Structures are given as structure tokens and as C-alpha cells.
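The next block holds one structure in the form of C-alpha cells; read it before the comments.
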Amino acid sequence: QDLASLVGRFKYVRVLDSNPHTKTISLLGSIDGKDAVLTAEKTHFIFDETVRRPSQSGRSTPVFFHREIDEYSFLDGITDLKELTSNDIYYWGLSVLKQDILHNPTAKVNLIWPASQFHIKGYDQQDLHVVRETPEMYANMVVPFIQEMCTSERMKWVNNILYEGAEDDRVVYKEYSERNKDDGFVILPDMKWDGINIDSLYLVAIVYRDDIKSLRDLGPKHRDWLIKLNKKIKTIIPQHYDYNVNPDELRVFVHYQPSYYHFHVHIVNIRHPGVGEERGAGKTMLLEDIIEALGFLGPDGYMKKTLTYVIGENHELWKKGFKEEVQKQLEHDGIATSPEKGSGFH
Ligand code: M7G
């Protein structure tokens, strides 16, 4: 089953969501009678100084180097240009750029098949809400939800990477020894990255230890380990990409709520703004801030902290009590939820 033949058999049902800012569109459909989510994202422009060279070791992890002119860059790659209007010193128009499946593809295409209801809901357009997750809400609602989400089926892709050699040829760095499993981790390109443009570089570091489901499980005893991890990430990645991205140009962060409850860290080029928040829900916590906070949060670390973040109505937690909690919180705070209920400030 390759992507092209699967996409060829995709039967369109409806548009789940589209976003002009991130230039993405997600479609719901079916392939061979099973639900599928097909997402396309327009790729970013290639600047003339960074181009891709196939890696000499035969791995598909690209190697970047500087070059003066590139036929696929914006400017040299313009094959058609038509002015729409001009006014004084301002001109605007439309253009067609030279495209090439290897050097300058138009879009990155992602397919989830067969897609579960979790996947479909995650990509579907939804209203968002700010919620305060208290330690009690975590214990009563989130813990049971995490248990439900940690099925071997749902975690299969993670275990495939850690133990089954999946995406092996793309792995950027791996540190693992049977003796020291708790320190092991692997860094590889995230599914979200086109793998071509360093400006939109997006990697994920997945740890081998499986006792940390999310940010909530982090305590002061993890501080030194996180410091080491942060240092390694910021040393290894710039080196690997030939310093086309520098240590202080990497946004290293964790999501809460994550989509997958096995501790992992996102590594993104800071040129890629707001990335990771595309689908609305969630909170981005910089690893540096987490390390700092673990220094004073007390012995229970994040377990005792109230976390405020955005959640979508399609999220299971919204239906499993968060909706009511948001109402209660607003009432408790004396904040009106609609104009009729509000008497204003007198
Ligand atoms: P998250 O913070 O749990 O969720 O991160 P979110 O960022 O999707 O809200 C999980 C990360 O793993 C995301 O950045 C995904 O794009 C990435 N990811 C998910 N899957 C299924 C894969 C995969 O099979 N391979 C790789 N390389 N990355 C994946």
C-alpha cells in the first residue's frame, strides 16, 4: 500500500477544516470502505542559499548546504508573473513558480487510514475554550482518559519507531542502551515536516522510558535528565544540519494536552511561528521553562499545578466533564457567560 495508490482510491466525503494562515486543508473520505483523513499543506518557499543534497550515506535524511543560485528558489523559479494592480509605489500580482517533486514540491500530503473517530474529530473544525485544569480535574477526568488512550494500537507508531526500526532511515540521532534505558531517546523528522525546507524544520524527540505520560508526570527528580536532554538536542541538531539552524533558533517544547501519552519533545525552527498550535487545542510549554519551573514547583512537580490551556469541543475531555467545569469556573469567578446573565460592573 503506497501513498499514491491510497490517495488514488480516496473517496471524498467532506471538508473537515481549512486554514488560510497555515495553508492547510483536511478532507474526510474513505478508502476501501474505511474512513480516511487526507491533509495537504502548501510547502514554504526555498531560499536560494539553502538547497537539498541527497545524503551520501544513502539515508533519506536530507543534508543542506549553501549555494548561490537555485533554479527552484523564489525569484529564479518564477515562470509566469501577471500584475493585478499597481498604485503609486505599490504593485501586486500573481505568479507561478517552477515546481519539482524532489526539489520544490507544491504541497506536503498526509494520510491517516484507517482513521479512528479520535483522528477525525481532531481534524474537524471545532469551537475552542480556555479551561483551567486543576490537579483534581487531572486525577478525576484526565487519568482515566489517558488510560483509555494508551492502547497498544494507538501507541503503535511510537513503539514501531523505538523498537521496530520504523522510519529508521530518517532517524537523526539515537541514543539507547539496554543498561541505561531511562536515558535513551531518538530524534527524527516529525510527520509535520516536509523534510526539505530548513525554515520549517520540525523534529520530534521520543524518549525510551515509558513512565512519563505527559507534562503532569514531571517532577524535580527529572530536572537533571531534562537539562541533559535539552543540551543534547541543542548540540546535535545544529551540527546535523550544518549550522543552517543554530541552537538559539530552535523552539524546543512539549504539548499539553498531547495527542499521544508517551513523553516526547518537539523541536522546531523559530522561523516557523505558532507551529504546533495549528489545530487550536493545547498549550505549548518550552522545555527551558519546564526545567526552570521544576526548580520551585515542589516535590510533586506539575502534579499539583493548575494548567490553563485551550481545548476543542471535539476533545473527549470536553465531553467527559470539562464543559461543566468551565461553566463552574466562570460562575465561581463571578464572570458572566452571556449578556443576559451579566449585570455589568456597577
Ligand atoms: P503531540 O504533542 O502529542 O500532538 O505530538 P500534536 O502535536 O499532534 O498535537 C505528537 C507528534 O508526533 C506530532 O507532532 C505528530 O506530527 C508526530 N507524529 C505523529 N505520528 C503518528 C507520527 C509518525 O508516525 N511519525 C513521525 N515521525 N511523527 C509522528
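The values are calculated or read from the model by the stated rules, or taken from the named source; none is laboratory data. Computed from a predicted model, the values in this text were never measured in an experiment. We place every Cβ from the backbone using ideal geometry, glycine too, and count neighbours over all the protein chains shown.
Brief remarks on what is shown
- Number of residues in the range 137-172 that are farther than 20 Å from Ser116 by Cβ, surrounded by fewer than 17 Cβ atoms within 10 Å (Cβ to Cβ) and of a type in the set (Phe, Trp, Tyr): the value is 1.
- Selection count where residues are among the basic types (Lys, Arg), in contact with a strand residue (DSSP E or B) (Cβ under 8 Å, 6 or more places away or on another chain) and away from the ligand (no atom under 16 Å from the Cβ), scope the range 225-259: 2
- Selected residue (only one of Val254, Val245 is assigned to a strand (DSSP E or B) and of a type in the set (Val, Ile, Thr)): Val254
- Matching entry among Lys328, Lys283, Lys305 (being closer than 29 Å to Glu148 by Cα and in contact (Cβ under 8 Å) with a residue 40 or more places away in the chain): Lys305
- Selection within the range 284-306 - at pLDDT below 95 and surrounded by 20 or more Cβ atoms within 10 Å (Cβ to Cβ): none
- When residues of the range 125-136 are limited to those that are among the hydrophobic types (A, V, I, L, M, F, W, C) and away from the ligand (no atom under 14 Å from the Cβ), the one surrounded by the fewest Cβ atoms within 10 Å (Cβ to Cβ): Val130
- Scanning the range 263-274 for residues that are crowded, with 20+ Cβ neighbours inside 10 Å and without any contact (Cβ under 8 Å) to a residue 60 or more places away in the chain turns up just one, Phe263.
- Applying the condition of being part of a strand (DSSP E or B) and among the hydrophobic types (A, V, I, L, M, F, W, C) to the range 32-46 and asking which residue is surrounded by the most Cβ atoms within 10 Å (Cβ to Cβ) yields Ala36.
- For the range 5-45, a residue qualifies if it is of a type in the set (Gly, Ala, Ser) and more than 11 Å from Ala115 (Cβ to Cβ), and the qualifying residues are Ser5, Gly8, Ser18, Gly33, Ala40.
- If the condition is being of a type in the set (Val, Ile, Thr) and touching a residue at least 40 places away in the same chain (Cβ under 8 Å), then the range 1-15 contributes only Val7.
- Residue under evaluation Thr134, criteria (1) touching a Phe, Trp or Tyr at 6+ places or on another chain (Cβ under 8 Å); (2) over 28 Å from Trp113 (Cα atoms), criterion not met: (1)
- Number of positions in the range 170-219 that are in contact with a strand residue (DSSP E or B) (Cβ under 8 Å, 6 or more places away or on another chain), part of a loop (DSSP other than H, G, I, E, B) and either within 14 Å of the ligand (Cβ to nearest atom) or modelled with pLDDT under 90 (or both): 12
- Checked against (1) closer than 30 Å to His103 by Cβ; (2) in contact with a strand residue (DSSP E or B) (Cβ under 7 Å, 6 or more places away or on another chain); (3) more than 10 Å from the ligand (Cβ to nearest atom), Val268 meets all criteria but (3).
- Residue in the range 188-198 that is surrounded by fewer than 18 Cβ atoms within 10 Å (Cβ to Cβ), without any contact (Cβ under 8 Å) to a residue 24 or more places away in the chain and either of a type in the set (Val, Ile, Thr) or closer than 22 Å to His119 by Cα (or both) present: no
- If you go through the range 237-262 and keep only what is of a type outside the set (Asp, Glu), over 19 Å from the mean Cα position of the chain (by Cα) and surrounded by fewer than 18 Cβ atoms within 10 Å (Cβ to Cβ), you end up with Pro238, Gln239, His240, Tyr243, Asn246, Pro247.
- Tabulated pairs, the range 248-259, first touching a residue at least 60 places away in the same chain (Cβ under 8 Å), second of a type in the set (A, V, I, L, M), C-beta under 8 angstrom, 6+ apart or interchain: Gln257/Val142; Gln257/Ala281; Gln257/Ile311; Gln257/Leu317
- Selection within the range 144-156 - touching a residue at least 24 places away in the same chain (Cβ under 8 Å) and within 13 Å of the ligand (Cβ to nearest atom): Ile146, Met149, Cys150, Arg154, Met155
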